[in-house]
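Here is the structure we will look at, set down as structure tokens.
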Amino acid sequence: MRRNTAKGLDLILLGREFCEWQAFLLCFCKYVLLVRMPVDTEHLKQRVRGILEAKSELARLTSKSFSRLSLEEKYAIRYQIIVLAEALGSICVQVATEDFKLEPQSFSECFKLLEERQVHDCAKDLTAITRLRNLLTHHYWTIDDKRIFESVRNNFGSVDEFIRKVKQRYAIIL
């Protein structure tokens, strides 16, 4: 007979009892793997703040006419879009992996997977933002700053919607 003490419980591990204990542990481990682990809301808050800061800076930069923007301001717009897209993708991947145990291979796939799980309903727009980020990051010589300027001015409502739904779902208060 072998005695083990685990968290104040005396366990007698003999023959049949040992097999039952192993079966229990196996079932328990499978259960733990299937249970949703809590989402790290502090990380989500940081990313949401980053998005809000980027949006604020984009709003400031696009408040004047395109013809009055300096080259540095055009580059600042590009940079803020990259920051915004990275934070959106980071939130998406975190929610997908921590809440739904998914393993998306790209931000685009991630937005689609979360839309399918009714976390948001703007995958097409968010995917477009991440594709713009890819274009800005990898093909900078093909950028039409005027089109980007107009897009930023008119088409970022989906970002607000996504953030609103994430904040609501995970009870995030800034």
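Tabulated data
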item: Selection within the range 36-81 - part of a loop (DSSP other than H, G, I, E, B) and either aliphatic (A, V, I, L, M) or within 21 Å of residue 115 (Cβ to Cβ) (or both); result: 36, 37, 39, 69
item: Test: residue in the range 87-109 that is surrounded by fewer than 18 Cβ atoms within 10 Å (Cβ to Cβ), over 14 Å from the mean Cα position of the chain (by Cα) and assigned by TED's automatic domain parsing to the domain that holds residue 49; result: no
item: Selected residue [assigned to a helix (DSSP H, G or I), free of Cβ contacts under 8 Å to residues at least 12 places away in the same chain and more than 20 Å from residue 38 (Cβ to Cβ)] from 135, 84; result: 135
item: Subset tally (residues that are touching a residue at least 12 places away in the same chain (Cβ under 8 Å) and either within 15 Å of residue 137 (Cα to Cα) or assigned to a helix (DSSP H, G or I) (or both)) for the range 87-107; result: 14
item: Boolean, residue 119 is part of a helix (DSSP H, G or I) and β-branched (Val, Ile, Thr); result: no
item: Pick from the range 152-165, criterion at pLDDT 90 or above and buried (at least 17 other Cβ atoms within 10 Å of the Cβ), ranking: farthest from residue 44 (Cα to Cα); result: 152
item: Condition met for residue 174 (outside the structural domain of residue 63 (by TED's automatic domain parsing), out of contact with any Cys (no Cβ under 7 Å at 6 or more places or on another chain) and of a type outside the set (D, E, K, R)); result: yes
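The values are calculated or read from the model by the stated rules, or taken from the named source; none is laboratory data. Just so it is clear, the model here is predicted, and its values are computed rather than measured. Methodologically, a virtual Cβ is constructed for each residue, glycine included, from the backbone with ideal geometry; neighbour enumeration extends over all protein chains shown.
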